[in-house]
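Colleague: Pasting a structure here, questions to come.
Any read-out appearing in this document is the output of simple, stated calculations on the displayed coordinates, not a laboratory observation. Please read these numbers as outputs of a predicted model, since none were measured by experiment. Cβ placement follows ideal geometry from the backbone for every residue including glycine, while neighbour counts extend to all protein chains displayed.
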Amino acid sequence: MSKAGQVRGRGRPRKFDEQVVRQTILSVFWEKGYAATSLDDLSKATGLVRPSLYAAFGNKEEMFLRAMDDFVIRVQSDLNRQVPRDATPEDALRIIYTAMLEIYSGAHAKGCLVFSTAVAEAPAHPEIRARLAQRLVQTDAQFRRLFDHTAPGASETARQAAAEMAAAVLHSLGLRVRAGAEPDEVRRFIETAARSIAAGLAP
């Protein structure tokens, strides 16, 4: 669908900006979660009637899957801007984890749509579970690319192990915040994890 989408009901087709609507759908799911979000919530937020939402974006689960993808693109874009190209592995990890901590526990934090909301819904929704599994693989791959760039002198085995460990720390970070860990404790965890993973990449 083009950026300027349209849906046909009675009378003339109603035009809308697809990207604006998708970001609105993302915001609703991010704010309320999957289970608590109704089609009426999405209709009210986007200004589109329910048949128009269905016609343009599919059912609620399909809209959530799109929202997951859009969330990942947004977060990855933000992280790419924050991590300097000449960053060391330790510095890059510290920047990434600190940025994600802001999503989990900042002043306007709503948690991670993928590793919080999607995890809760995965057992009951096979499509969400499949997309979550795909995202886990992609997270490992993204950290692997990071270490291929920041630690080219490390062995391939070391870079792969570091990528998997870095992804595991990322998932653990959200869990610790949701479990009520104190901010100083979480920051110490970030420092220790970044330093330990980077040490494993030393030539």
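Colleague: Run the helix sum for the chain: -39,500 (n - 2.57) per DSSP H stretch of 4+ residues, divided by residue count, reported at 222 nm to the nearest 500 deg cm²/dmol. Kindly include the intermediate steps, with their values, before the conclusion.
Modeller: Values: 8 runs with 136 residues, N = 203.
Value at 222 nm, helices only: -22500 deg cm²/dmol.
Colleague: With a cap of 15 neighbouring Cβ atoms within 10 Å, and only residues DSSP puts in a loop, list the trypsin sites (Lys or Arg not before Pro) found in the range 21-125.
Modeller: Details: sites: R22, K32, K44, K60, R66, R74, R81, R85, R94, K110; in loops: R85, K110.
The qualifying sites are R85.
Colleague: Which log10 I(q)/I(0) values does the range 124-194 give at q = 0.14, 0.18 Å⁻¹ under the Debye formula, counting every alpha carbon as one identical point scatterer?
Modeller: The Debye formula, applied to the Cα set alone, gives -0.55, -0.81.
Colleague: Grab the chain and count how many Lys pairs have their alpha-carbon atoms under 17 Å apart, sequence gap of 8 or more, or different chains.
Modeller: Working: K3/K15; K15/K44; K32/K44; K32/K60; K32/K110; K44/K60.
So the count of such lysine pairs works out to 6.
Colleague: Projecting each Cα onto the charge dipole of the chain (Lys/Arg +1, Asp/Glu -1 at the beta carbon, about the Cα centre), which of A198, A55, V21 comes out farthest on the positive side?
Modeller: A55
Colleague: Grab the Cα-Cα distance for D41 and A141, subtract it from 0.36 nm times how many residues apart they are, and report the gain in nm with one decimal. Write out the running numbers ahead of the final one.
Modeller: Details: separation 100, 0.36 × 100 = 36.00 nm, distance 3.52 nm.
Value of the extension gain: 32.5 nm.
Colleague: Another question about this same structure. Per 0.36 nm of contour for each residue apart, how much would the distance between R178 and R195 grow if the chain were fully extended, relative to their Cα-Cα spacing?
Modeller: So the chain would gain 3.8 nm between R178 and R195.
Colleague: Return the single residue from D69, D86, D148 with maximal mean-square fluctuation; model: Gaussian network over the chain, springs between Cα atoms under 10 Å.
Modeller: Result: D86 has the largest fluctuation of those listed.
Colleague: Right, here's the next one. Using only Cα atoms, what Kirkwood radius does the chain have, in angstroms?
Modeller: 18.6 Å
Colleague: Next up: Given R₀ = 35 Å, FRET efficiency for Y54-A133 by Cβ-Cβ distance, to 0.05?
Modeller: E(calc), rounded to 0.05, equals 0.85.
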